[in-house]
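Notes to accompany the following structure.
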Amino acid sequence: MAVSDKLPLILRPAEPADAAAVAEIWRSGWVDGHLGHVPEELVAVRTPESFVVRAAERVADTTVAVVGGGVAGFVMVVGDEVEQLYVGADSRGTGVAGALLAHAERVGREAGFERVWLAVATGNARARRFYERQGWVDEGAFDYPAAGPDGPIAVPCHRYVKQL
């Protein structure tokens, strides 16, 4: 699979050395897609340092997309949930997100799930359009329990599902 004829796309399990790149992509993408759409309580705890810590803790759940020798994006899958999917700003629109999402769907199918799901912040219209173009179906609004330092923080989201 290739982003272009000159830059092949490689999907591989994340390694501890990838955590810094994952944290930066995660932080930047999270800011782009979530500011103004999530509770201020969550914004206050999603500091740059929090992404560094969380990326390092989540290496085992993470698959990275490598383009031109650098991490271009990542996906985290836990059980039947596609928990995180982010692509660096320079790689948006290049096919990296679609490749990562297809990989997440394969992970779910290979684990024996008949369908997988993910949460999208209600106001994140760009992400919602992307998932719909990929064949995911909006099952409606719900409050996602985002991890916070003092327990879950309810985030208004939409639950998207895909039959496998």
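The values are calculated or read from the model by the stated rules, or taken from the named source; none is laboratory data. Quick caveat: nothing in here was measured; it's all calculated off a predicted structure. Positions of Cβ are backbone-derived with ideal geometry, glycine not excepted, and every protein chain shown enters the neighbour counts. Protein only, heavy atoms only, side chains kept; ligands, DNA and RNA dropped before computing areas. Shrake-Rupley method; radii C 1.70, N 1.55, O 1.52, S 1.80 Å.
At a glance:
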{"item": "Sole exception among (1) surrounded by 14 or more Cβ atoms within 10 Å (Cβ to Cβ); (2) in contact with a strand residue (DSSP E or B) (Cβ under 9 Å, 6 or more places away or on another chain); (3) more than 22 Å from Val161 (Cα to Cα) for Ser50, by number", "result": "(2)"}
{"item": "Flag for Gly68 being surrounded by fewer than 18 Cβ atoms within 10 Å (Cβ to Cβ), within 26 Å of Val137 (Cα to Cα) and in contact (Cβ under 8 Å) with a residue 60 or more places away in the chain", "result": "no"}
{"item": "Elements of type strands (runs of 3 or more DSSP E) contained in the stretch 1-91, each with 2 or more residues being closer than 20 Å to Arg128 by Cβ", "result": "70-78, 81-87"}
{"item": "Residue list for the stretch 127-164, restricted to those being open to solvent by 40 Å² or more (accessible area, probe 1.4 Å), within 15 Å of Val38 (Cβ to Cβ) and either in a loop (DSSP other than H, G, I, E, B) or in contact (Cβ under 8 Å) with a residue 12 or more places away in the chain (or both)", "result": "Arg128, Ala141, Phe142, Asp143, Tyr144, Ala147, Pro152, Ala154, Pro156"}
{"item": "Residue check for Phe113: within 23 Å of His158 (Cβ to Cβ) and either open to solvent by less than 20 Å² (accessible area, probe 1.4 Å) or assigned to a helix (DSSP H, G or I) (or both)", "result": "no"}
{"item": "From Val22, Val82, Val78, Val96, residue being within 13 Å of the chain's Cα centre (by Cα) and exposed (fewer than 13 other Cβ atoms within 10 Å of the Cβ)", "result": "Val78"}
{"item": "Whichever residue in the stretch 116-126 is surrounded by 13 or more Cβ atoms within 10 Å (Cβ to Cβ) and in contact (Cβ under 8 Å) with a residue 60 or more places away in the chain and, among such residues, is nearest to Asp32 (Cα to Cα)", "result": "Asn124"}
